[in-house]
Amino acid sequence: MSVPSRSSTRPRILCQDCAGCWKDRPPSALLGKTMNDKPSTPIIVLGMHRSGTSMLAGMLDILGVYLGNEDNLMPADQDVNAKGFWEREDVVAIHEEVLATLGTNWQSVASLPSDWPNDPRLSTCKQRLLELVRSDFLSKPLWGMKDPRMCRLLPLWLDLFNALDVTPRFIHIVRHPTEVASSLAKRNGFSTDYALILWLRHVTDAISHSAGFRQCHVSYADLNKDWYAAAQKIAQELDVQWPASIDSDSVHQQMDAFISRDLWHHRDDKQPHIEVPCLHNITDAYQQLSESNPESCTTTRESTLDAVNTDCASLLRLLDQSSGVLSRQASDWYDYMRKFQIENEKLTERVHSDATKLTELHDIRHKQEKEIQRLTAANAELQDTIRTWGFNRLQERLSRWLGRS
């Protein structure tokens with residue numbers, strides 16, 4: 001897609017007098033430029049949760065894209081993302097705060113309130129994001145940001161990019177919806193239908209909000225099968241040059257160690273057609289989004305996605321009407337699962353602790369049994385000694401009595 005012209009609108013930055021209002025002011029000379037006066041280019045990873053966004057972000061890191069200091073990144077989780085999330089914890093926390101302020105969360109399929117980026121309650125969050133990017137990212141020629149919540153919150157970020165006078169580029173990563181649904185079912189307990197609708201909400205929002213900017217689409221399957229081809233495709237379609245050469249031995253070694261197909265859980269090579277009411281085109285949408293040759297299918301892709309949006313418009317409106325119930329149910333279920341998980345962890349620790357104590361008690365009992373055996377043997381020996389001593393004394397007395405007789 002062609003990059004939209006930005007000369008027609010003057011970049012907006014946060015008013016220095018009021019951190020919450022977006023005010024039309026000319027940007028300073030350093031906005032959107034590095035210390036060497038070169039443009040600062042952000043690459044934003046967009047994709048539904050459990051779609052491979054972490055794998056893609058990790059690949060970008062190996063290729064030299066700056067994602068933040070390691071101390072600020074969310075630590076890896078062996079049960080969820082063993083190779084790391086590649087998300088800044090402070091950014092995720094702000095995103096969660098934004099969603100909570102709007103009365104929602106990442107599990108909700110409902111639309112966000114109209115004109116929500118201008119909600120004055122978000123002023124502090126917007127200022128914190130602005131200062132974070134200015135202080136840690138704007139001096140880097142090529143940097144990236146990844147959090148699946150950005151699919152929903154992209155309008156806020158577009159205002160921020162406009163304020164900083166930078167032009168973002170986007171990578172959409174898509175994974176087959178049934179695989180995503182299976183992963184969410186295991187991690188969050190979501191039903192298949194709900195997970196598929198959540199997938200659709202994130203994907204359609206990401207596509208809609210990023211329209212007009214330079215972007216590319218990669219599939220989770222292709223990234224697993226051939227990272228080299230995926231890296232070339234991204235570089236070509238985003239018109240960027242990786243700081244680290246993809247032909248270097250170092251990059252190849254790091255990629256081979258990082259991208260492991262053993263971590264491709266819930267894999268479904270058959271990729272069945274999804275039979276869900278109102279979502280019969282969702283499989284077509286996935287196939288178009290994961291198409292490896294975008295030049296030959298741009299028109300088909302756009303028409304297919306338009307058809308999906310049209311078919312699902314009524315469904316999403318219905319979901320918006322009932323979003324309170326659905327969101328509460330999803331949120332309550334997620335909270336229940338988290339409480340259950342925490343309680344299970346506590347019980348596991350208790351069982352482990354009790355097992356340790358039981359082992360210690362067994363050891364003590366074994367030692368006591370040995371001591372009882374020793375004491376029993378000693379007692380028997382003592383009894384023998386007493387009996388022997390008593391018999392000898394009796395003999396002595398008997399001898400003395402006989403002698404006197």
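Results, tabulated for the structure shown:
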read-out	value
Built amide H within the under 5 Å cut-off of Ser219, gap 5+	Val174
Point-to-point label distance, Ile342-Arg365, nm (Cα→Cβ direction, 7 Å offset)	3.6 nm
For segment 372-386, Karplus couplings with θ = phi - 60° (6.51, -1.76, 1.60), whole Hz, Gly/Pro x	4, 4, 5, 5, 4, 5, 5, 5, 4, 5, 5, 4, 4, 5, 5
Ser182, Ser111 arranged by Cβ crowding within 10 Å, fewest neighbours leading	Ser111, Ser182
Segment 86-102 - phi-based ³J(HN,Hα) in whole Hz, Karplus 6.51/-1.76/1.60, Gly and Pro as x	6, 10, 6, 4, 5, 5, 4, 5, 5, 4, 4, 5, 4, 4, 5, 4, 7
Ranking of Asp226, Asp249 by count of other Cβ atoms within 10 Å, fewest first	Asp249, Asp226
Packing-based order for 238-245, 159-166, 101-108, using average beta carbon neighbours within 10 Å, highest first	159-166, 101-108, 238-245
Nonlocal amide H pairs with Leu142, under 5 Å, H built at 1.01 Å	Thr41, Tyr66
For Phe190, residues with placed amide H under 5 Å, excluding near neighbours	Ala185
Estimated vicinal HN-Hα couplings, Hz - segment 241-251 in sequence order (Karplus 6.51, -1.76, 1.60; Gly, Pro = x)	10, 5, x, 9, 5, 6, 9, 6, 4, 4, 5
Thr192, Thr204, Thr376 arranged by Cβ crowding within 10 Å, fewest neighbours leading	Thr376, Thr192, Thr204
Three-way shape label, segment 101-252, alpha-carbon gyration tensor, a/c 1.5	oblate
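No value in this document is a laboratory result; all are computed from the given coordinates. What you are looking at is a predicted structure, and each value in this text was computed from that prediction instead of being measured. Neighbour counts are summed over all protein chains in view; Cβ atoms, including those assigned to glycine, are modelled from backbone coordinates with ideal geometry.
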